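So the structure is just underneath, and the comments pick up after that.
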Amino acid sequence: MDEVLIRRALGRWYDRNKRSLPWRETSDPYAIWISEIMLQQTRVAAVIPYYQRFLKRFPDAEALAAAPEEEVLTLWSGLGYYSRARNLQAAARQIVDLGSFPRNFDAIRELPGVGDYTAAAVASIAFRLPHAVVDGNVRRVVARITNGKGDTKQVADLLLDKKNPARSNQALMELGAVVCVPRDPHCGECPIAKHCQACTLGTQNELPAKRLKPATIHLKRKLLVIHHMGRILLAPSPRVRGFWDLPEPFEGARIGVRLGEFRHAITHRNYRFTVYEGVARSAPSGFIWVSCKDIDEIPLSTTAKKGMRCSIGV
């Protein structure tokens, strides 16, 4: 493997073909960090509007640290993996205590919710420090370049251009995101195809080796839409801590007409929710009545939003 030629080819390709993304228009480590956390397990297209809204409301660590958790979760609602939002706020408070955003890999790595990948990404992109990133895209590219025989971290370190680590890391990730994709990679468009062992051997669709996933669990649940005097009854979500949901049947609630159903997946759990109109004279402890006009002001679970759409369609 000629890492020098690969680096040069990747850099030239990236300069010509990189996507225009909002977090690439800033050198602010806070904004770059927010984008990296949001991009974990989430598609770029889905992240962009959330990123823009989040930064508009919380333009710096001080604003995020001072906000009520409910407001943070409300702006995060729909991105999933909500521990990320809680860790972001905890880290923002730590940044405020430090007096500024940490400026080296080890200090960034100490922030809540930050692992090796995120620390390397922020350190290299915001501070131009020579730390190679290893994410899913990089693992896939490296597996194909070496035909599954190389140590991912060692190869990523070899491919890193230490004079321009920001461009180098982003080029490798970009290649994995748009060319060296999981299924049917676009080898004809790849700037390093001639250096790729898998492309030469025709094994690119077999790499990287598939990881075993947990068995899918299928679950059925009922949700109740209960209105009273312009308000709707909500319960603490049993699926996502800190969010509100439509209640499931409870003692004293009468189940009325069926309003619809929908499916929803959370990791390896596939739910089928059936939504009913409900009536209740009183609510269990911990439930709340919320004015329908204020419903967008609280952290509402995705299942609650889908359930409410069933009632609107009736």
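Miscellaneous remarks
- In region 272-288, the residues that are within 23 Å of residue 260 (Cα to Cα) and touching a residue at least 40 places away in the same chain (Cβ under 8 Å) form Cβ pairs under 6 Å with partners that are open to solvent by less than 50 Å² (accessible area, probe 1.4 Å) and not in a strand (DSSP E or B), at six or more places apart or across chains, as follows: 275/307; 275/310; 278/226; 280/226.
- Which listed residue, of 53, 16, is within 21 Å of residue 297 (Cβ to Cβ), open to solvent by 60 Å² or more (accessible area, probe 1.4 Å) and part of a helix (DSSP H, G or I): 53
- Residues of region 172-215 that turn out to be assigned to a helix (DSSP H, G or I) and within 20 Å of the chain's Cα centre (by Cα), as a count: 7
- Residue list for region 19-40, filter: surrounded by fewer than 18 Cβ atoms within 10 Å (Cβ to Cβ) and assigned to a helix (DSSP H, G or I): 22, 24, 25
- Scan of region 140-152 for residues that are crowded, with 16+ Cβ neighbours inside 10 Å and on the phi < 0 side of the Ramachandran plot, ordered by number: 140, 141, 142, 143, 144, 145, 146, 150, 152
- Subset of region 234-250 (residues that are assigned to a loop (DSSP other than H, G, I, E, B), of a type in the set (D, E, K, R) and either within 16 Å of residue 306 (Cβ to Cβ) or at pLDDT 95 or above (or both)): 239, 248
- Residues in region 61-82 that are open to solvent by less than 60 Å² (accessible area, probe 1.4 Å) and assigned to a loop (DSSP other than H, G, I, E, B): 6 in all.
- Count of region 137-153 residues which are more than 26 Å from the chain's Cα centre (by Cα) and in a helix (DSSP H, G or I): 1
- Scan of region 83-99 for residues that are over 11 Å from residue 65 (Cα atoms) and either crowded, with 20+ Cβ neighbours inside 10 Å or of a type in the set (Val, Ile, Thr) (or both), ordered by number: 85
- Test: residue in region 128-136 that is assigned to a helix (DSSP H, G or I), farther than 19 Å from residue 196 by Cβ and over 20 Å from the mean Cα position of the chain (by Cα): no
The values are calculated or read from the model by the stated rules, or taken from the named source; none is laboratory data. Since the model is a prediction, treat every value here as computed from it, not as a measurement. In this analysis, Cβ positions are derived from the backbone assuming ideal geometry, glycine residues included, and neighbour counts consider all displayed protein chains. Keep in mind that these areas ignore ligands, DNA and RNA; they rest on the heavy atoms of the full protein, side chains included. Shrake-Rupley method; radii C 1.70, N 1.55, O 1.52, S 1.80 Å.
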